[in-house]
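What follows is one structure encoded as structure tokens, with my remarks underneath.
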Amino acid sequence: MPHPTVSIADLSRHLDQTVSLQGWVEALRSSGKVAFLLLRDGTGSCQCVIEARTEPAFTAVAGLHQEGSLRLTGRARPDDRAPGGVEIAVETIEVVQSAEGYPIARKAHGVDFLLQHRHLWLRSARQTAIARIRHTVISAIRGYFDDLGFTLVDTPILAPGAAEGAGTLFTVDYFGEPVYLAQTGQLYLEAAAQALGKVYCFGPTFRAEKSKTRRHLAEFWMVEPEVAWADLPDLEALAEGLICRVVERVLGGHRADLDRLGRDPAPLEAIRAPFPRVTYTEAVEILRSPETRATLEAEQARDLAAVEALRKEIAGLDSQLGQATKAWKQEKLGQEIQAAQERLRELEMAVENRPGHMEDAAAFAWGRDLGGDEETILSRRFDRPLVITRYPKAAKAFYMKSDPENPRVALNLDILAPEGYGEIVGGSVREDDLAALEARMAEEGMDPAPYQWYLDLRRYGSVPHGGFGLGVERTVAWICGLRHIRETIAFPRFMGRLYP
RNA sequence: UCCGGCGUAGCUCAAUGGUAGAGCGGGUGGCUGUUAACCACUAGGUUGUAGGUUCGAAUCCUACCGCCGGAGCCA
């Protein structure tokens with residue numbers, strides 16, 4: 001076969017040439033005189049035209065189904081009627097496998113069905129767009145730290161004990177001993193930071209929390225930098241630069257993918273340093289402030305108007321439904337109505353809950369940890385990620401260093417993604433003084449014996465240091481504008497889901 | 001663990017106490033430079049499970065199972 005095999009992404013460089021493509025059937029329409037095969041190969045999609053006089057190709061295409069695999073050869077030519085502007089005039093087809101009975105149709109499906117067929121769902125245009133963006137997010141993260149002179153250090157996944165709450169860990173049998181799947185590499189990374197200065201780890205982490213929400217997974221990926229000699233402003237700047245770099249790389253290379261996901265790029269274009277920074281104490285004041293009350297009242301008014309608008313929209317769709325003649329158009333309208341009703345339910349719930357949120361916010365007591373509702377209220381007041389620092393010490397982990405200017409608070413930071421996507425970064429300056437750390441561990445009732453190696457880090461050349469973790473899936477969900485975190489990873493693991 | 005919602009054809013959904021249906025997908029035939037093509041025909045069901053009420057249950061009641069969302073907790 002003298003013709004070059006090319007990928008669809010490269011097709012525009014082969015106009016008016018005869019080329020071979022190999023891939024899968026994305027869509028197929030065939031008839032007495034002509035067949036249209038939308039071929040996808042992982043790099044893109046291309047319409048391939050098979051005319052009835054082109055035998056045996058025309059007969060062969062009749063045996064194909066959605067997601068059937070094939071090789072074909074034909075001439076690449078520009079045509080305005082083809083999606084993408086280029087199509088293949090097919091000369092020969094080799095069906096590799098017909099894919100009869102492919103279960104996922106080109107229509108709406110329920111989430112559970114799609115997750116049960118996740119191994120096939122991955123092929124869809126939407127899922128491949130997310131996968132490509134996730135890849136860029138990860139490579140941008142690695143590039144950012146590599147460019148800054150960080151060294152990657154892989155930390156163990158099998159860990160002897162809990163760094164934080166032990167109830168949230170998965171237990172594994174380790175030669176007869178119970179050990180846990182790591183929920184962070186941090187403690188090990190602190191050791192590495194004293195060896196190499198600037199380090200990061202990047203791997204899967206595990207939480208056995210029985211959370212069934214669209215923000216939670218039992219297995220997710222987290223990047224954790226740890227920096228010797230760093231203070232809190234250093235960490236804020238490091239995290240800020242990281243998020244900017246990631247957003248910039250996605251915007252730079254994935255306009256078409258974002259468009260395919262229906263993601264408005266405008267909120268992402270607004271992501272620039274400096275991010276707004278508040279302390280926990282200021283956040284509490286913001287929550288209690290009349291301005292927040294006014295913002296919430298404005299949101300309430302806006303949502304009430306949106307509820308009215310949606311009701312009208314649904315009524316309009318209903319009347320269209322009455323007039324629609326084609327059955328499949330009725331079906332499509334019916335699905336639009338359902339989607340609108342779902343949005344309506346969400347809005348109505350927001351409207352119903354808001355008075356309670358307003359009361360909670362107005363009465364928020366210093367010392368409580370910020371809950372999801374408070375985070376949402378705070379992040380909605382800014383168009384960029386919000387950096388919140390210096391939480392009450394009591395609400396935070398034992399290894400966090402106290403603020404020397406106010407021992408009631410820790411030198412920590414959380415970063416909330418905009419648009420209600422929640423916490424994407426959590427980190428702190430670590431307690432580097434041996435006596436203070438031992439005292440804090442005693443307060444928590446921790447047995448110091450298994451932590452002797454960790455305490456050694458304070459005995460031998462202890463320095464100020466700190467780090468943070470950034471959750472990949474939440475970041476991808478935010479950047480892609482996804483309703484659900486489960487789409488951000490190829491094979492999600494969460495309560496009740498182990499297949500496929 | 002708690003609160004709320006939902007389980008009907010392979011899929012998405014109708015049927016609100018009285019003969020279980022439609023679209024998509026599958027199959028057969030026709031037809032068209034098609035864009036979720038179109039037209040005709042066709043196959044496809046223990047209405048999640050178990051019990052109860054009733055002349056009669058997809059529909060009402062009870063329990064269980066499964067799924068979804070939220071709270072708590074977190075990235």
task = Work out the charge dipole of chain A with +1 on the Cβ of Lys and Arg and -1 on the Cβ of Asp and Glu about the Cα centre, then indicate which of A:PHE58, A:LEU232, A:SER379 is farthest towards its positive end.
result = A:PHE58
request  = Evaluate the Debye formula for segment A:55-154 with equal point scatterers sitting on the alpha carbons, no solvent, and hand back log10 of I(q)/I(0) at q = 0.12, 0.14, 0.15, 0.20 Å⁻¹, in q order, two decimals.
outcome  = -0.69, -0.83, -0.89, -1.10
inquiry  = Using only DSSP helix segments of four residues or longer, with each worth -39500 (n - 2.57), what per-residue ellipticity at 222 nm results for chain A after dividing by its residue count and rounding to 500?
reply    = -12500 deg cm²/dmol
note = Placing each pseudo-label 7 Å from Cα in the direction of the beta carbon, A:THR151 and A:LEU251 end up separated by a distance in nanometres of 3.5 nm
remark   = For A:ILE243, the accessible surface traced by a 1.4 Å probe with all protein chains present amounts, in square angstrom to the nearest 10, to 10 Å²
message = From the P(r) of segment A:341-476, could you give the percentage of C-alpha pairs in the tail past 17 Å?
response = 68 percent
query = Which of the trypsin sites (Lys or Arg not before Pro) found in segment A:3-99 are in a DSSP loop and have at most 16 neighbouring Cβ atoms, other than their own, within 10 Å?
reply = A:LYS33, A:ARG53, A:ARG81
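Please report, to one decimal in angstroms, the Kirkwood hydrodynamic radius of segment A:102-178 built from all distinct Cα-Cα pairs.
Details: mean 1/r = 0.0586 Å⁻¹.
After inverting the mean inverse Cα-Cα distance, the result is 17.1 Å.
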ask   = Among A:MET358, A:SER7, A:ILE388, whose Cα sits farthest toward the positive end of the charge dipole of chain A (+1 at Cβ of Lys/Arg, -1 at Cβ of Asp/Glu, about the Cα centre)?
value = A:SER7
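What FRET efficiency comes out for the pair A:GLU51/A:VAL96, r = Cβ-Cβ distance, R0 = 25 Å, nearest 0.05?
Numbers: r = 22 Å, r/R0 = 0.88.
The value I calculate is 0.70.
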task = Between A:ARG459 and A:ASP231, take the C-beta separation as r, use R0 = 25 Å, and let me know the FRET efficiency to the nearest 0.05.
result = 0.70
ask   = A:LEU28's amide H: which non-local residues (gap 5+, or another chain) put their own amide H closer than 5 Å, with H modeled 1.01 Å from N in plane and none for Pro or chain starts?
value = A:LEU38
request  = Could you rank A:THR205, A:THR155 by how accessible they are, 1.4 Å probe, largest area first?
outcome  = A:THR155, A:THR205
query = How large, in percent, is the carbon and sulfur part of the accessible surface of segment A:17-79 at a probe radius of 1.4 Å?
reply = 53 percent
query = In chain A, with Lys and Arg counted as +1 and Asp and Glu as -1 at Cβ, which of these residues, A:PHE150, A:GLN17, A:LEU347, has the Cα nearest the positive end of the dipole, that is, farthest along it?
reply = A:GLN17
message = For segment A:8-97, place one equal point scatterer on every Cα, skip the solvent, and apply the Debye formula. What is log10 of I(q)/I(0) at q = 0.22, 0.25, 0.26 Å⁻¹?
response = -1.05, -1.38, -1.50
message = Sort A:ILE489, A:ILE157 by heavy-atom solvent-accessible area, probe 1.4 angstrom, most to least.
response = A:ILE157, A:ILE489
query = Which longest run of chain A has no exposed loop site in it, a site being chymotrypsin sites (Phe, Trp or Tyr not before Pro) in a DSSP loop with at most 10 other beta carbons within 10 Å, and the site itself not part of the run?
reply = A:176-459
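I need to check one value: relative contact order of chain A, counting alpha carbon pairs closer than 8 Å and at least 6 residues apart, in percent.
Values: 854 pairs, mean separation 69.4, N = 500.
Contact order relative to length: 14 percent.
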query = How large is ³J(HN,Hα), in whole Hz, for each residue of segment A:147-153 in order, when computed from phi with the Karplus curve 6.51 cos²θ - 1.76 cosθ + 1.60 and θ = phi - 60°, using x for Gly and Pro?
reply = 4, 8, x, 7, 10, 6, 10
ask   = Calculated FRET efficiency, A:GLN452 and A:VAL172, Cβ-Cβ r, R0 22 Å, to nearest 0.05?
value = 0.45
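If you filter segment A:404-500 for GluC sites (Glu not before Pro), then keep DSSP loop positions with at most 11 other Cβ within 10 Å, what is left? Present the calculation step by step, with values, prior to reporting the outcome.
Values: sites: A:GLU405, A:GLU419, A:GLU423, A:GLU431, A:GLU438, A:GLU443, A:GLU444, A:GLU473, A:GLU487; in loops: A:GLU405, A:GLU419, A:GLU431, A:GLU444.
Passing both the DSSP loop test and the Cβ count: A:GLU405, A:GLU444.
How big is the dipole moment of chain A about its Cα centre under a simple scheme where the beta carbon of each Lys and Arg is +1, that of each Asp and Glu is -1, and everything else is neutral? Debye, nearest 20, please. Walk me through the numbers before you get to the answer.
Details: 59 positive and 71 negative charges, 331 e Å.
In total the dipole reaches around 1580 debye.
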key: Residue-normalised accessible area of segment A:409-500, given per residue in Å² at a 1.4 Å probe   = 36 Å²
key: Dimensionless Rg over Rh [chain A; C-alpha; Kirkwood]   = 1.04
query = Where does helix A:327-362 land angle-wise versus the long Cα axis of chain A, in degrees 0 to 90, nearest 10?
reply = 10 degrees
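The values are calculated or read from the model by the stated rules, or taken from the named source; none is laboratory data. From a predicted model like this one, the values you see are computed outputs, not experimental measurements. In this analysis, Cβ positions are derived from the backbone assuming ideal geometry, glycine residues included, and neighbour counts consider all displayed protein chains. Remember, those area values only see protein heavy atoms, side chains included, never the ligands or the DNA or RNA. Shrake-Rupley method; radii C 1.70, N 1.55, O 1.52, S 1.80 Å.
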